[in-house]
Amino acid sequence: MTVGVCSIKLHLYGNTSLKGKRQVLRSIKDRTRNRFNVSIAEINAHDKLQSIELGVAVISNDRRHTNEVLNKIVDFIDGMNLAEMVDYSIEIF
């Protein structure tokens, strides 16, 4: 069994309210969860209106499959164009 964890940092330009951040965050989380059936949550930057840090977890039997899924998730979130992706990291255990 392998566990893959991905941390994704996003920046919301021009966002001035918590409501706007929540809308973007909810959209990203729901669409990612529905498409890939993974666990995803905001893990940091709760009090910053223009920053989002997400954590994604994947469990699989195959290390290569875990890595592929996490890379597809990164591309999917970046392709949504709801926020600019600043950084991401992938770890597989």
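Only one residue of SER17, MET1, ASN67 has its Cα farthest out toward the positive end of the dipole of the chain, where Lys and Arg carry +1 and Asp and Glu -1 on Cβ, and that residue is SER17. Lysine pair count for the chain with Cα-Cα distance under 17 Å and sequence separation of 8 or more or different chains is 9. The label point for PHE36 and the one for LEU18, both projected 7 Å from the Cα toward the Cβ, are 2.8 nm apart. Legend: P(r) of the chain from all alpha carbon pair distances, 5 Å bins from 0, whole percents, reading 3, 14, 27, 25, 16, 9, 4, 2, 0.
A Förster radius of 22 Å, combined with the Cβ-Cβ distance separating MET80 from VAL3, puts the computed FRET efficiency at roughly 0.30.
Laboratory data are not the source of any read-out in this text; all were calculated from the coordinates shown. Treat the numbers as computed from the prediction; the structure is a model and nothing was measured. Using ideal geometry, Cβ is built from the backbone for each residue, glycine included, and neighbour counts are taken over all protein chains shown.
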